[in-house]
Amino acid sequence: MTSNENGFSFIELMVVVVILGILAGMIVPRYMGRTDDAKIIKAKVDISAIETSLKMYHLDNGFYPTTEQGLRALIEKPTTEPIPSQWNENGYLDRRSLPKDPWGRDYLYLCPGVNGDYDILSYGADGTLAGREKTGTSRAGRSSDPETANRVHPGWN
């Protein structure tokens, strides 16, 4: 009796598994850290959009929202002093809610800022001031002062 068994032997399957493991070991590490990079880039893009909205607010009213008024002043007319007299009835952000940073936290807004007229900050992945850029815990922050734009906030190192 002859047997016409179709399929792969155990050895053949093990060779395939080993090859896939080697490939995964070479390829996966290259792309695993990219999500952290993407989140940092998204935070920088969000901050740029917020900056543009703040500049429009400033052009209309002659001042930036205070720290107390916060970024909410870009979507709702502030009710605390200084109350903007030329506030745009449609708000200053494209959406009617404030964006969260890529880690799900609110952006921090300071006016006056440490580095200029204002600072917009994100605490990053670890939610603290002491993160490292290579681990995706760096904070994207910007100041209205062109010389310090994109510079890391002094308290982050």
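The numbers here are math on the coordinates, done by the rules we state, and not lab data. Computed from a prediction, not measured in an experiment: that's the story for all the values here. As a convention, Cβ positions derive from the backbone with ideal geometry for all residues, glycine included, and neighbour counts pool all protein chains shown.
With both labels modelled 7 Å from their Cα along Cα-to-Cβ, the Arg96 to Ser48 distance reads 2.8 nm.
Protection proxy ranking, highest mean first, for peptides 22-28, 78-84: 78-84, 22-28, where packing is the per-residue count of other beta-carbon atoms within 10 Å, averaged.
Between Glu68 and Phe8, the contour length at 0.36 nm per residue exceeds the Cα-Cα span by 14.7 nm. Treating r as the C-beta distance of Val114 and Arg34 and R0 as 22 Å, the FRET efficiency rounds to 0.10.
Exposure proxy ranking for Ser122, Ser53, Ser48, Ser9, based on other Cβ atoms within 10 angstrom of each Cβ and starting from the fewest, stands as Ser9, Ser48, Ser53, Ser122.
In straight-distance terms, cross-link reach from Lys77 covers every one of the lysines whose alpha-carbon lies under 16 Å from its own, apart from those fewer than eight places away in the same chain; here that gives Lys55.
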